[in-house]
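Undergrad: The structure under discussion is supplied below as structure tokens; questions concerning it will follow.
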Amino acid sequence: MEDEQEQVIETKEEEKVEAEDGEQSGQVEGDTEMGEEEEKTVEGKKKKTTNPGIIYLGHIPPRLRPRHIRNVMSSHGEVGRIFLQAEDHHVRKKKKKAGSNARDFTEGWVEFRDKRVAKLVAASLNNTPMGTRKKSRFHDDLWNMKYLHRFKWSHLSERLAIERQVRKQRMRAEVSQAKRETNFYLQNVERNKKFAKAERKKAAEPGGSVVPDKQWVFTQRKTEEEIQTLKSGGDKKRIQKRQEQAERAQERSQTNRSLLQKIFNTS
């Protein structure tokens with residue numbers, strides 16, 4: 001009996017030791033897992049890249065080029081891509097006719113590598129002079145910029161592609177309209193030639209009668225000078241009528257006075 005009790009005590013002590021050893025091994029594994037998670041978060045923070053931010057420029061003065069904008073913006077942060085929208089083609093043609101060969105821009109977009117820098121630049125430079133020196137050609141111009149929230153460079157490229165497609169469709173519509181007009185004109189010319197040829201054949205045949213030319217009767221609209229002359233002539237006639245009416249009234253009044261003098265004259 002005593003031997004059995006000693007074996008039971010030994011087995012219980014062995015189970016306690018194994019349990020303690022198991023708990024210690026679990027804590028170590030948990031510590032190793034926590035350490036790996038912390039290393040992953042640290043590596044994730046290191047690998048995390050900053051999102052780019054885009055600023056919209058609403059005013060581009062003449063002779064301002066992308067290199068000028070890059071030189072100014074690079075002092076505030078790392079600048080990526082820059083795009084400036086050129087002026088309209090019709091405006092460009094008018095300038096060439098006037099003798100100016102300068103190419104100007106209407107609006108622009110500037111990309112910063114860090115969107116926080118883009119926000120700060122837009123908030124600090126908006127409505128401030130472009131040139132810091134008085135001798136600068138852009139000293140009197142002000143920055144008109146705005147940070148575009150959640151705007152990416154792909155959106156800009158999509159917009160430009162859509163504008164190009166719309167421009168091409170408009171040109172195709174105009175070309176097709178011009179073709180229809182020219183075809184209509186040429187068809188009418190050919191038809192007129194056929195009618196004239198048929199009339200000459202009828203006139204050349206014996207007993208044929210020449211068809212008289214049609215004369216279109218229409219009333220020409222009066223010019224402004226004719227309208228003014230008619231108005232002045234009408235005014236003269238009205239004045240003459242009024243003068244005649246006044247003379248008649250005077251004559252009647254005179255006859256009435258003579259009658260009254262004859263009637264009421266006591267002498």
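Undergrad: Counting only residues that are closer than 17 Å to Gly108 by Cβ, surrounded by fewer than 12 Cβ atoms within 10 Å (Cβ to Cβ) and among the polar types (S, T, N, Q), how many does region 128-162 have?
TA: Going through region 128-162 one residue at a time, the tally reaches 2.
Undergrad: Which numbered condition in (1) at pLDDT 50 or above; (2) open to solvent by 60 Å² or more (accessible area, probe 1.4 Å); (3) acidic (Asp, Glu) is the only one that Glu111 fails?
TA: (2)
Undergrad: Which of (1) open to solvent by less than 100 Å² (accessible area, probe 1.4 Å); (2) closer than 30 Å to Met73 by Cβ is the odd one out, the single condition Val175 does not satisfy?
TA: Looking at each condition in turn, Val175 falls short on (2).
Undergrad: Considering only residues that are hydrophobic (A, V, I, L, M, F, W, C), over 17 Å from the mean Cα position of the chain (by Cα) and part of a helix (DSSP H, G or I), which ones fall in region 148-190?
TA: The answer is Trp153, Met171, Ala173, Val175, Ala178, Phe184, Leu186, Val189.
Undergrad: So, one more: Output the residues belonging to region 106-147 that are in a strand (DSSP E or B) and of a type in the set (Lys, Arg). Before the answer, list the steps.
TA: Here is the first cut: in region 106-147, the ones in a strand (DSSP E or B) are 106-112, 129, 142, 145-147.
Hit for region 106-147 is Lys146, nothing else.
Undergrad: For Arg81, are the conditions met, namely being more than 25 Å from the chain's Cα centre (by Cα), surrounded by 12 or more Cβ atoms within 10 Å (Cβ to Cβ) and either at pLDDT 80 or above or within 26 Å of Ala161 (Cβ to Cβ) (or both)? Please lay out each step first, then the result.
TA: Values: more than 25 Å from the chain's Cα centre (by Cα): no; surrounded by 12 or more Cβ atoms within 10 Å (Cβ to Cβ): yes; either at pLDDT 80 or above or within 26 Å of Ala161 (Cβ to Cβ) (or both): yes.
No, not satisfied.
Undergrad: Those residues that are hydroxyl-bearing (Ser, Thr, Tyr) and closer than 19 Å to Ile82 by Cα, I need them from region 132-171; list them, please.
TA: Kept after step one, since they are hydroxyl-bearing (Ser, Thr, Tyr), are these residues of region 132-171: 132, 136, 147, 154, 157.
Result: Tyr147, Ser154, Ser157.
Undergrad: What is the residue count in region 87-108 for residues that are farther than 20 Å from Ser74 by Cβ, of a type in the set (A, V, I, L, M, F, W, C) and open to solvent by less than 70 Å² (accessible area, probe 1.4 Å)?
TA: Taking region 87-108 and keeping what is farther than 20 Å from Ser74 by Cβ, we get 87-104, 106-107.
Next cut, of a type in the set (A, V, I, L, M, F, W, C) only: 91, 98, 102.
Those left that are additionally open to solvent by less than 70 Å² (accessible area, probe 1.4 Å): 91, 102.
Total satisfying the criteria: 2.
Undergrad: In addition: Residues in region 84-95 that are assigned to a strand (DSSP E or B) and either modelled with pLDDT under 85 or not polar (S, T, N, Q) (or both): how many? Full working, then the answer.
TA: Here is the first cut: in region 84-95, the residues assigned to a strand (DSSP E or B) are 84-86.
With either modelled with pLDDT under 85 or not polar (S, T, N, Q) (or both) added as a condition, the list becomes 84, 86.
Residues meeting the conditions: 2.
Undergrad: Ok, one more. With respect to the numbered conditions (1) in contact (Cβ under 8 Å) with a residue 24 or more places away in the chain; (2) small (Gly, Ala, Ser); (3) under 20 Å from Ser74 (Cβ atoms), which one is the sole condition not fulfilled by Ser136?
TA: Condition (1) is where Ser136 drops out.
Undergrad: So, in region 78-112, exactly how many residues are in contact (Cβ under 8 Å) with a residue 12 or more places away in the chain and either closer than 17 Å to Phe151 by Cβ or of a type in the set (A, V, I, L, M) (or both)?
TA: Count: 15.
Undergrad: I would also like to ask the following. Quick one: is Ala98 hydrophobic (A, V, I, L, M, F, W, C) and at pLDDT 85 or above? Give the derivation first.
TA: Details: hydrophobic (A, V, I, L, M, F, W, C): yes; at pLDDT 85 or above: no.
Here the answer is no, as Ala98 does not meet what is asked.
The values are calculated or read from the model by the stated rules, or taken from the named source; none is laboratory data. For clarity, every value in this text was computed on a predicted model and none was experimentally measured. We place every Cβ from the backbone using ideal geometry, glycine too, and count neighbours over all the protein chains shown. Side chains included, ligands, DNA and RNA excluded: accessible areas come from the protein's heavy atoms. Shrake-Rupley method; radii C 1.70, N 1.55, O 1.52, S 1.80 Å.
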